[in-house]
Structures are given as structure tokens and as C-alpha cells.
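A.B. asks: Please see the structure below; I have some questions.
Rule-based calculations on the coordinates, nothing more; no lab input. Please read these numbers as outputs of a predicted model, since none were measured by experiment. Here the Cβ is made from the backbone with ideal geometry for all residues, glycine too, and neighbour counts use every protein chain on show.
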DNA sequence: TATCAGTTTAGAATGATTCTAAAGTGTTGA
DNA sequence: TCAACACTTTAGAATCATTCTAAACTGATA
Ligand SMILES: [Mn+2]
Ligand SMILES: [Mn+2]
Ligand SMILES: [Zn+2]
Ligand SMILES: [Zn+2]
């Protein structure tokens, strides 16, 4: 709890009650893939009522500060990933199911990068089912 | 034009005026990445006024029939791709810019597929800028 | 402890997409 | 040829995740 406060402060985030609760849940040592909605549900289960606006604000604050990754996999919800290491995913749209691929994936055979552009990151999504 | 009609029929799509115009534009031999909005703008330029509802309907009909691929890259618009071959993309969110990678990309080092699941497709997105 | 910038929140707004239901059209069998 | 009907188009309403607004609240600081 004081760890969490320090953690937030060290990321230039004021440790408010809401951020402490959310960070406590998100960064408990277990990697998580969540959406604003699923996070809200999870917090409500734990009797922590936090407005959706704050949940969105907090997810963005954490994202802006590099504490979360953003995953765009579906057109109707944004996923956030507590695993900020470089990694990839298995994804089942059908089962709304997302699994980290932490192994060292190598992408071979890329053509040259478009003129005046730099590669920011390479994302591999392994789509399951259909 | 009669080619287009046949093309639509052979894909179990009734060749309506609107579908003929849209297919004529989309499948002119040049690969395209479009959104409902950009397609609408493009058709309007060409003096073909088609309602947005029909544009959405048609894109989905074409997609359902395998004439288009769907690309989820941003949370606020869906891209459709007239290149239905297996391929990957360079993507610049900043410049809303999308380039095909048709070269034979190889993804090495994938772990085993989750139990009871099958790989549907592997998608590589090379994000540019930041 | 007063002050103030930063934060939370209810509720409104946004905007891409989907839905509804009424009018229009391509197909087909007689 | 054309009536009949299933399929399609469309305006406008609805949906819904997300963002915005602006007022109340709170953590940090001196
Ligand atoms: Mn939606
Ligand atoms: Mn949007
Ligand atoms: Zn992950
Ligand atoms: Zn493409």
C-alpha cells in the first residue's frame, strides 16, 4: 500500500484513493488483459466503486506513463495489458480470450521500411478459431 | 460493367446499381485500404451518391463473401482491404497510412497453440512512428 | 491549515456503426 | 412480358464505448 503510493509517485502520478485501488489490482504480480468494463466489474466485485470516467482516466494515465500497453484487437473495446515487456498474443475473438506469447518470436523477411519512417514496434497477433 | 455483374453474381450477390458502383471502384485492379467514410468520400467525388447505410451493408456483404479483408488497427474506424491474399502491413497511426507487405514473412519461434484451438491466421503489423 | 493544482464524477455529448421499417428493385416462373 | 416476392436501399433513430464538461473534492505544499 505504501509501496503502491511510492510506485505511483515514482511514475509522476498522484496517489489518490482510486489510483491506489486500481494499481493494487492491476499490478499484483499477475499479468492481466483488461478492458474498462471488465476492470469496473472486477473492482465492483471487490466493493470498490469507482466511476467509469475515472477508470477511463486512470487507464489512460497509466498508459501515458508506460505502465500499460494498449491492444487494439476488436472494434468495440480497447484492451490494456499489464505486461509491458515486448511480447505477442494468441487471440480468440470468439472466446474473447488473450494469451501472452513471451517466447522470442522472430519475424523474418520484412521488406525495407518506408522512406523517412522508423519502426516503432512489430506486433504479431495469432488469431485462433474463426 | 457486365464483368462486374457477373463477378457479383458469381459471389451470390445481387448486382444492384449501388453494388456495381462500389465493386467497380474497389476492384479496379489497384489494391486499396478503405474505411466506410473514405469510401463514401471517394464515391461522392465521382458523383455517385450512396447512403452510408448501404456503404456499411455493402462492405459487410463483400466481407462476408470473402471479397474483402477486415483490418482492426485503430479503435475508431474499421479498415477494409481489397487485397485478400495473405499479407501483412506497415501501419502509421499518426499518418493514417497503410502499406502492404507481400513478401514472404516468416514468423519463427511460436510456442504451441493453446489446447483445442487452431490457428486461423497470423497477422503481423509493423507500427511506424510513435 | 490555507491554498491550489490535480483529480473525481455525474451526466451530457460524440461518433462510428447498427437497426428499423418503409419504399424500391432484381429475379423468376408462368 | 410481368406479377409476385425476396432482397436491397435508405432516412432517420438507436446503440454504446468512449470522451467531454464543469462542479465538487483532495493530495501536496508552505
Ligand atoms: Mn460498439
Ligand atoms: Mn470514436
Ligand atoms: Zn499481453
Ligand atoms: Zn493490405
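A.B. asks: Name every residue in the range B:69-97 that is more than 7 Å from chain A (Cβ to nearest Cβ), out of contact with any helix residue (DSSP H, G or I) (no Cβ under 7 Å at 6 or more places or on another chain) and assigned to a loop (DSSP other than H, G, I, E, B), in order of residue number.
C.D. replies: Hits for the range B:69-97 are B:76, B:83, B:84, B:85, B:86, B:87, B:93, B:94, B:95, B:96.
A.B. asks: Considering each of B:55, B:49 in turn, give the residue that is more than 8 Å from chain A (Cβ to nearest Cβ) and either buried (at least 18 other Cβ atoms within 10 Å of the Cβ) or under 19 Å from residue A:93 (Cβ atoms) (or both).
C.D. replies: Result of the check over B:55, B:49: B:55.
A.B. asks: Also, quick follow-up: Right, residue A:37: within 16 Å of ligand 1 (Cβ to nearest atom) and part of a helix (DSSP H, G or I) or not?
C.D. replies: Answer is yes for this residue.
A.B. asks: Something else now. State all residues of the range A:98-126 that are over 14 Å from residue A:85 (Cα atoms), more than 7 Å from every other protein chain (Cβ to nearest Cβ) and surrounded by 15 or more Cβ atoms within 10 Å (Cβ to Cβ); if no residue qualifies, say none.
C.D. replies: Once the filter is applied, which keeps residues that are over 14 Å from residue A:85 (Cα atoms), more than 7 Å from every other protein chain (Cβ to nearest Cβ) and surrounded by 15 or more Cβ atoms within 10 Å (Cβ to Cβ), the range A:98-126 yields only A:98.
A.B. asks: Can you pull out every residue in the range A:44-68 that is within 16 Å of ligand 3 (Cβ to nearest atom), assigned to a loop (DSSP other than H, G, I, E, B) and over 13 Å from residue A:33 (Cβ atoms)?
C.D. replies: Listed by number, the residues that qualify are A:66, A:67.
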